[in-house]
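Engineer: Please find one structure pasted underneath; my questions will follow.
The values are calculated or read from the model by the stated rules, or taken from the named source; none is laboratory data. The structure displayed is predicted, hence computed values, not measured ones. Cβ: placed from backbone, ideal geometry, glycine included. Neighbour counts: every protein chain shown. Side chains are part of the model used for accessible areas, which takes the heavy atoms of the whole protein and leaves out ligands, DNA and RNA. Shrake-Rupley method; radii C 1.70, N 1.55, O 1.52, S 1.80 Å.
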Amino acid sequence: MSREYLQCGRFGFDLAKRPLVMGILNVTPDSFSDGGRHHALEFAVEGAEQMIRDGVDIIDIGGESTRPGSPSVPVEEELRRVMPVIYALRELGVPLSIDTCKPEVMREAIIAGADMINDINGFRAPGALEAVRDSDCGLCVMHMQGTPQDMQAQPDYADVVGEVTAFLRARCDALIAEGVARERITIDPGFGFGKTVAHNVALLRSISNMQRELGLPVLAGLSRKSMIGAITGRPLDERLAGSLGGALAAVAQGARIVRVHDVAETVDALKVWQAGTKNN
Ligand code: 7PM
């Protein structure tokens, strides 16, 4: 059984009570229609307020598109996208997670009041460990093979579960060696990040073992991903039911946090799940 408390900046979670829902808030230019930073900010605030009404536990703000093949975003542009959103949302009473790989963005976000840093690169960038070390923000350490530009070209593992587990262990050890408290850390196998459907399925089935082996809570992001499309045969805009199935499969394996687009539907599904799984 993993330790059950997660320190997340201004907030603390008891992970034994119920699975948490992290809602995805994209602030990339392709996530709002008419461009313009003012409209982008209004759009983000409305999206966040809706998620709060829907029962979200953590809002994950992403200013760097990580779509396979997409170019990386300069640090100044990522800051221009993300910082106004942190300022606009930080008094809403919900934990704010920032989805970034860049130490400069991590530092600025933490100063501005971010409660969690979600790094799809597992805090491998030079300076990333130091950027998060001296705060109390939560951390999500994710596995990715390759880079967002090339990761889906040729995913390759001899033993995907063993390699992802070893990677996550090494990155968590690096954080802990810097003095980071274990209760700040979550781990994420990184569904879709340099993985085939078979790799993703093997990882989904391994969540329970991985969580037990590393003794850290798992965060799982399956929402609308290509593995859901592959299993259901559905295009991107028809993956809600499949994504709910994915969230429940992850939680059945013991995942403590699910990262999703559809907060209201996931919160409902998890409430019913929880009612039928009385173990606390
Ligand atoms: C295009 C392709 C846009 C893929 C966005 C994505 C995860 C994450 C993302 C995840 C954690 C998406 C991804 N996925 N952070 N950020 N875990 N911790 O589908 O699985 O949202 S971006």
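Engineer: Does the range 173-188 hold any residues that are away from the ligand (no atom under 14 Å from the Cβ) and either closer than 13 Å to Val141 by Cα or in a helix (DSSP H, G or I) (or both), and which are they? Reasoning before the result, please.
Structural biologist: Applying the first criterion (away from the ligand (no atom under 14 Å from the Cβ)) to the range 173-188 yields 173-184.
Selection gives Asp173, Ala174, Leu175, Ile176, Ala177, Val180, Arg182, Glu183, Arg184.
Engineer: Take the conditions open to solvent by 60 Å² or more (accessible area, probe 1.4 Å) and modelled with pLDDT of 95 or more and apply them to Arg234. Does it pass? Break it down into steps so the answer makes sense when it comes.
Structural biologist: Details: open to solvent by 60 Å² or more (accessible area, probe 1.4 Å): yes; modelled with pLDDT of 95 or more: yes.
When the stated conditions are applied, Arg234 passes them.
Engineer: Can you name every residue in the range 79-121 that is of a type in the set (Gly, Ala, Ser), within 12 Å of Ile58 (Cα to Cα) and surrounded by 22 or more Cβ atoms within 10 Å (Cβ to Cβ)?
Structural biologist: Ser97, Ala114
Engineer: A further question on this structure: Being within 16 Å of the ligand (Cβ to nearest atom), touching a Gly at 6+ places or on another chain (Cβ under 9 Å) and not small (Gly, Ala, Ser) is the requirement here; does Val132 meet it? Full working, then the answer.
Structural biologist: Details: within 16 Å of the ligand (Cβ to nearest atom): yes; touching a Gly at 6+ places or on another chain (Cβ under 9 Å): no; not small (Gly, Ala, Ser): yes.
In short, no.
Engineer: Somewhere in the range 266-275, is a residue surrounded by 21 or more Cβ atoms within 10 Å (Cβ to Cβ), among the small types (Gly, Ala, Ser) and part of a helix (DSSP H, G or I)?
Structural biologist: yes
Engineer: Give the residues of the range 150-167 that are closer than 13 Å to Leu203 by Cα and either open to solvent by less than 40 Å² (accessible area, probe 1.4 Å) or in contact (Cβ under 8 Å) with a residue 24 or more places away in the chain (or both), sorted by residue number.
Structural biologist: Tyr157, Val160, Val161, Gly162, Val164, Thr165
Engineer: Could I ask something else about it? Considering each of Phe167, Phe191 in turn, give the residue that is among the aromatic types (Phe, Trp, Tyr) and assigned to a loop (DSSP other than H, G, I, E, B). Working first, answer last.
Structural biologist: Numbers: Phe167 fails: assigned to a loop (DSSP other than H, G, I, E, B).
It is Phe191.
Engineer: Looking at the range 4-42, which of the residues that are of a type in the set (D, E, K, R), modelled with pLDDT under 85 and outside any loop (DSSP other than H, G, I, E, B) is most open to solvent (accessible area, probe 1.4 Å)?
Structural biologist: Step one: filter the range 4-42 for residues of a type in the set (D, E, K, R), giving 4, 10, 14, 17-18, 30, 34, 37, 42.
Those left that are additionally modelled with pLDDT under 85: 30, 34, 37.
When the remaining residues are screened for being outside any loop (DSSP other than H, G, I, E, B), the result is 30, 37.
Details: Asp30: 97, Arg37: 128 Å².
Within the range 4-42, the match that is most open to solvent (accessible area, probe 1.4 Å) is Arg37.
Engineer: Considering only residues that are in contact with a Leu (Cβ under 9 Å, 6 or more places away or on another chain), open to solvent by less than 10 Å² (accessible area, probe 1.4 Å), in a helix (DSSP H, G or I) and within 12 Å of the ligand (Cβ to nearest atom), which ones fall in the range 194-227?
Structural biologist: Once the filter is applied, which keeps residues that are in contact with a Leu (Cβ under 9 Å, 6 or more places away or on another chain), open to solvent by less than 10 Å² (accessible area, probe 1.4 Å), in a helix (DSSP H, G or I) and within 12 Å of the ligand (Cβ to nearest atom), the range 194-227 yields Asn200, Met227.
Engineer: Of Arg81, Arg67, which residue is within 16 Å of the ligand (Cβ to nearest atom), in a loop (DSSP other than H, G, I, E, B) and modelled with pLDDT under 95? So that I can check it myself, show each step before the final result.
Structural biologist: Values: Arg81 fails: in a loop (DSSP other than H, G, I, E, B).
The unique qualifying residue is Arg67.
Engineer: Sticking with this one: Checking Val73 against (1) under 19 Å from Met22 (Cβ atoms); (2) without any contact (Cβ under 8 Å) to a residue 60 or more places away in the chain; (3) within 13 Å of the ligand (Cβ to nearest atom); (4) in contact with an Asp or Glu (Cβ under 6 Å, 6 or more places away or on another chain), which single condition isn't satisfied?
Structural biologist: Going through the list (1) under 19 Å from Met22 (Cβ atoms); (2) without any contact (Cβ under 8 Å) to a residue 60 or more places away in the chain; (3) within 13 Å of the ligand (Cβ to nearest atom); (4) in contact with an Asp or Glu (Cβ under 6 Å, 6 or more places away or on another chain), Val73 breaks only (1).
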